[in-house]
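The values are calculated or read from the model by the stated rules, or taken from the named source; none is laboratory data. Owing to the predicted nature of the structure, the values given are computational and were not obtained by experimental measurement. Every residue, glycine among them, receives a Cβ derived from its backbone with ideal geometry; neighbour counts consider all protein chains shown. Calculation scope for accessible area: heavy atoms of the full protein, side chains included, ligands and nucleic acids excluded. Shrake-Rupley method; radii C 1.70, N 1.55, O 1.52, S 1.80 Å.
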Amino acid sequence: SRSRPDWGITELGQKLGMPKSSTHELVASLSEIGLLQRMPNGRYRLGWRISALNHLLFSTMDYRETSREVMSDLVTRFGETVHLGVLDWTDVVFIEKLAGTHAVMVPGAAIGERKSAATIAVGKSLLACRADQEVKALYSLPGSHALRADIVVPSVDIDALLEELAQVRKKFCAYNLGPEVCAIGAPIWDHTNTVVAGLSMSVPAYRYQQGAEVLTKAVCSAADRISRRLGASRAVNERWSE
């Protein structure tokens with residue numbers, strides 16, 4: 001993490017609940033293939049191979065490439081910051097971002113940054129595409145690690161969240177309306193009519209209030225445009241009902 005970028009063998013063994021010898025063997029193997037690197041002080045941190053794999057992952061995502069042109073059109077038309085994100089358990093990981101062009105604009109999240117899905121528009125649009133029972137299962141272990149040590153399930157009011165997701169399904173998009181920043185999010189489907197990502201636009205609150213309807217229509221239309229480029233054949237209301 002940013003707050004703790006390097007670890008010693010003893011610390012890692014204690015954190016992972018593994019013997020020191022096994023931890024050392026594992027770390028040595030990861031270092032050999034470049035996923036970790038040994039520092040001069042004997043501690044370990046992420047290796048440069050991570051960066052190369054990260055670039056490979058992003059560059060081979062078809063829907064990321066397909067989405068960029070449509071996202072660029074949105075920025076050209078409205079001058080607002082646009083994001084593309086994917087759902088990773090209860091988090092959204094941002095895989096693309098185009099910054100706005102206004103003098104006053106929302107900086108937005110960085111590529112690779114993750115945020116709690118239940119607290120942002122694009123996250124709520126992605127959660128709404130899942131059945132209520134699936135959403136409940138995702139949040140069944142609040143405060144606990146969810147299969148992976150890098151994801152901690154946040155504590156949420158599940159009833160309030162499900163009620164909000166029901167409204168998202170009726171409107172075909174989600175909102176996060178704050179006093180300073182507002183965001184609109186809509187999901188993206190592929191040729192199998194499976195949700196693969198979500199599109200969002202972040203807008204200063206005063207500009208959102210001036211053109212909420214136009215902005216909402218534009219985001220939903222852009223998400224549908226990307227979906228159709230990816231081969232989604234059903235109409236938007238049919239995708240949601242399914």
Requested in this report: Would you mind counting up the charge near ALA205? Only other residues with Cβ under 15 Å from its Cβ, with Lys and Arg at +1 and Asp and Glu at -1.
Outcome: -1
Requested in this report: For the range 76-228, with all protein chains present and a 1.4 Å probe, just round the carbon and sulfur fraction of the accessible area to a whole percent.
Outcome: 54
Query raised in the report: Full extension from THR76 to ARG130: what is 0.36 nm times the residue separation minus their Cα-Cα distance, to one decimal in nm?
Result: 16.2 nm
**Report entry** Calculated Cα extents along the principal axes in Å (choose from [x] 60, 39, 38; [y] 55, 33, 27; [z] 66, 50, 35), label
**Finding:** [x]
Query raised in the report: Stretched out fully, how many nm does the piece from ARG45 to ALA28 gain, at 0.36 nm a residue minus the Cα gap?
Result: 4.9 nm
Report task. Please give, to one decimal in nm, the separation of the simple spin-label points placed at ASN237 and ARG68, each 7 Å out from Cα toward the Cβ. Result -> 3.6
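Students often get this wrong, so check it: of LYS124/LYS217; LYS136/LYS217; LYS97/LYS136; LYS115/LYS217; LYS15/LYS115; LYS15/LYS124, which have C-alpha atoms separated by over 27 Å?
Table pairs above 27 Å Cα-Cα are LYS136/LYS217; LYS97/LYS136; LYS15/LYS124.
With a 1.4 Å probe and all protein chains left in place, how much accessible area per residue does the chain have, in Å²?
Averaged over the residues of the chain, the accessible area is 55 Å².
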Report task. Please find, in a Gaussian network model of the chain (springs between Cα atoms separated by less than 10 Å), the residue of ILE50, ILE184, ILE120 whose mean-square fluctuation is greatest. Result -> ILE50
Requested in this report: Name the residue, out of LEU230, LEU84, LEU30, whose mean-square fluctuation peaks in a Gaussian network model built on the chain with Cα pairs under 10 Å.
Outcome: LEU30
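Grab the DSSP H runs of the chain that are 4 residues or longer, score each as -39,500 (n - 2.57), total them, divide by all residues and round the 222 nm result to the nearest 500 deg cm²/dmol.
About -14000 deg cm²/dmol.
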Report task. Would you mind telling me which residue in MET71, MET18, MET201 has the biggest mean-square fluctuation in a Gaussian network model of the chain, where springs connect alpha carbons within a distance under 10 angstrom? Result -> MET18
Report summary line: Once normalised by the length of the chain, the mean sequence separation of its alpha carbon contacts under 8 Å that are 6 or more apart gives a contact order in percent of 15
Query raised in the report: Cα to Cα, under 14 Å, and not fewer than 8 places away if on the same chain: which aspartates and glutamates meet these conditions relative to LYS20?
Result: GLU11
Query raised in the report: How do ILE188, ILE111 stack up against each other in accessible area, from largest to smallest, with a 1.4 angstrom probe?
Result: ILE111, ILE188
Query - Approximate spin-label separation GLU213-ARG38, in nm, with each point projected 7 Å along Cα-to-Cβ - result: 6.7
